[in-house]
Structure formats: structure tokens, C-alpha cells
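> What follows is a structure written as C-alpha cells; I'll ask about it next.
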Amino acid sequence: MLTSNILTGPGVSHAFFTRDGGVSTGLYSSLNCGAGSDDNPDAVVENKRRAAIRMSIADDRLWTLYQIHSANVITVDGGVPSGGSGPAADGMATREPGIALGILTADCAPVLFSDPENGVIGAAHAGWKGALSGVMENTVTAMENLGADRTRIRAAIGPCIAQASYQVGEEFPVPFLAANPLASAFFAPDFDPGKYRFDLRGFVASRLEQVGIADTEALPNDTYAEEEAFFSYRRTCHRGEGDYGRGLSAIALADTD
């Protein structure tokens, strides 16, 4: 379990979980929290329960979403939906104590947000599509609607695929450059002609800087390269393994009751 220095403090708990500490086996070993995988559903439920316990949260108060690589953000104010299946969205915000906002990733960037002074938190799933279309900006707006002040919001970018591991084709930069020509800074030429290496972490950090929040920290971990610690969609594809686990990142306001 990893944490961020800028999110650590009284009243807020958070974690970027590694794949250790769960009950799943094989490809999903061991803390796979992705209900969308082909893992044993009972194992996924138990893994999420264990993660909730480590955050001192009731297991029926750990929210995850049906993530669709969008800019959709919801406000959370109660227990998880019946059956534990969240709505189709990629960001959340809440001011309710005792609720954990959970993001599932396997190379995409999990981003956790906190305005501890105003008691508002958020979480976003920032794959390249969501990051480009505004999921982080929309999460900040949702937090503001609950009383947050963006100049007091801190955000931590969790483990994700690093630029050295993220080869993309020649068409990939097109939508980024169409939105902002300065986005070329996040694409390095690859040794393969016509290919690039994309800096997802750097791009996410730049969008957070542009939105005007107080502070940002990016953990350096590479989900693709660090196999013992993290699940990776791209690594699974390269090996033809067929499926993959999902890692959990979560943040919660302390329950004062």
C-alpha cells in the first residue's frame, strides 16, 4: 500500500493499493478489486472488504464505478448501490464522512483529490481518453459544488504506466495536438519508425496544473514494469494472457460518529 505526502493528514485517509494482501490467485494474484475481470466474484468481494478494513471503512461504503473512459463525474452521498455495481462514470466527489471513493486501474492513472479545510474529497480514473476530455476538471468542479475551494485542493497521481513503457502509433497524438499543440511535449520519438512514447503521468499532471489547484504530487511507479506490485492491461496484452486484475486506489473522509 502506497500513500502520498500531500494527502496525508488528519481527517482524510487514502491508499494506492498494490496487488498484495488479497485472496485471488493466478493472473489475479492477489488483491484484484475489479468486478469486471473474470476472477472469482467472491474473491473480488473479499479483496474489496480487506481494502476497506485497511482504510477503516465499512465494506458497504467503498464506492467503485463502472468506468467507461469518460469525463462523467458523480456526487456520492450514501452507501454503495445494491449489488455493489456503481454507475457509468469515471470520477466522484463527496463531503460525506465514512465513504471511500475507489478508482480501479491497470495502467491508467488514478487521481485522488482532497480539500481538507472544507471537508471535500474526489477521485478520478484518468486514462488518456478521460484525461483529454476533462475528467479531472469535472471532478474539481463537482468538488466545488460541494463547497471545496480549488485553490485549496491537493491531488495525487497514483501508479500508472510510465512513458518508457507506453508505445503508441503515429495517429495517437492527433487529438492531443488538435486540442493543444503544446501537447507535443508529452510524446517522445520511439526507436520504431512512426511510433512514439506517451507520457500519461506528465499529461495528467499538466491538466491538474492548468485547472488551478493548490498542489499536485505524482508517484513514480510504473505499473507495466513493476509486475510484482501492480496489474497491467498492456503487459497482459503483450503476453496474450486474456485477462488482468485491477488495482484499487481510494480516499475517504474520517467518520466522526
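> With contacts defined as alpha carbon pairs under 8 Å and 6 or more residues apart, what's the relative contact order of the stretch 96-188 in percent?
About 29 percent, as a whole number.
> Then there's this: Give me the percent relative contact order of the chain, please, defined on Cα pairs under 8 angstrom at least 6 residues apart.
Relative contact order here is 25 percent.
> Also, I was wondering about something else. Could you report the accessible area of Thr64 in Å², rounded to 10, computed with a 1.4 Å probe on the protein chains as they sit in the structure?
Here the residue's solvent-accessible area equals roughly 10 Å².
> Karplus couplings for the stretch 120-130 from phi (6.51 cos²θ - 1.76 cosθ + 1.60, θ = phi - 60°), rounded to Hz, Gly and Pro as x?
9, 10, x, 8, 9, 9, 10, x, 5, 5, x
> Heads up, I need the accessible area for Lys129: 1.4 angstrom probe, whole protein in place, Å², nearest 10.
Estimated to the nearest 10 Å², Lys129 gives 110 Å².
> What ranking of His69, His125, His238 comes out by heavy-atom accessible area, probe 1.4 Å, highest first?
His238, His69, His125
> Another question about this same structure. Quick one: what are the phi-derived ³J(HN,Hα) couplings along the stretch 225-242, Karplus 6.51/-1.76/1.60 with θ = phi - 60°, whole Hz, x for glycine and proline?
7, 9, 5, 5, 9, 9, 7, 8, 4, 5, 4, 4, 4, 5, 8, x, 7, x
> Then there is this: Need one value: the accessible area of Trp128 in square angstrom, 1.4 angstrom probe, rounded to the nearest 10.
80 Å²
> Right, something else. May I ask which residue of Ala93, Pro41, Ser29 lies farthest towards the positive end of the charge dipole of the stretch 5-98, with charges of +1 (Lys, Arg) and -1 (Asp, Glu) on Cβ and the Cα centre as origin?
Towards the positive end, the residue furthest out is Ala93.
> In a GNM of the chain with a 10 Å cut-off on Cα contacts, which of Ile57, Ile121, Ile103 has the highest mean-square fluctuation?
Result for the chain, Cα springs under 10 Å: Ile57 fluctuates most.
> Positive end of the charge dipole of the chain (Lys, Arg +1 and Asp, Glu -1 on Cβ, about the Cα centre): tell me which of Asn145, Ile103, Ser133 has its Cα farthest that way.
Final value for the positive-end residue is Ser133.
> Quick check for me: using +1 on Lys/Arg Cβ and -1 on Asp/Glu Cβ, what's the dipole size of the stretch 56-123 about its Cα centre, in debye to the nearest 20?
Its charge dipole is roughly 80 debye.
> Just need the relative contact order of the stretch 77-131 here, percent rounded to a whole number, with Cα pairs under 8 Å and 6+ apart.
Result for the stretch 77-131 is 36 percent.
> Could you give the size of the charge dipole of the chain about its Cα centre, using +1 on the Cβ of each K and R and -1 on the Cβ of each D and E, expressed in debye and rounded to the nearest 20?
Computed about the Cα centre, the dipole is about 100 debye.
> Now, a different point. Search the structure for amide H atoms under 5 Å from the amide H of Gly98, placed 1.01 Å from N in the peptide plane, and list their residues when 5 or more places away or on another chain.
Sorted by chain and number, the residues that satisfy this are Leu253, Ala254, Asp255.
> Among Asp90, Asp192, Asp199, what's the order by accessible area (1.4 angstrom probe), most exposed first?
Ranked from most to least accessible, the order is Asp192, Asp199, Asp90.
> If you take every DSSP beta bridge fully contained in the stretch 1-133, what fraction is antiparallel? Give it as a percent rounded to 5.
70 percent
> In the chain, carbon and sulfur make up what percent of the accessible area (probe 1.4 Å)?
Looking at the chain in its full context, I get 49 percent from C and S.
> Roughly how big is the stretch 1-72's charge dipole about its Cα centre, with Cβ charges of +1 (Lys, Arg) and -1 (Asp, Glu), in debye to the nearest 20?
It comes to approximately 240 debye.
> Report, in whole Å, the centroid distance computed from the Cα atoms of the stretch 92-144 and the stretch 9-77.
15 Å
The values are calculated or read from the model by the stated rules, or taken from the named source; none is laboratory data. All figures in this text were calculated on a predicted structure; none of them were measured in a lab. In this analysis, Cβ positions are derived from the backbone assuming ideal geometry, glycine residues included, and neighbour counts consider all displayed protein chains. Accessible surface areas use protein heavy atoms only, side chains included; no ligands, DNA or RNA. Shrake-Rupley method; radii C 1.70, N 1.55, O 1.52, S 1.80 Å.
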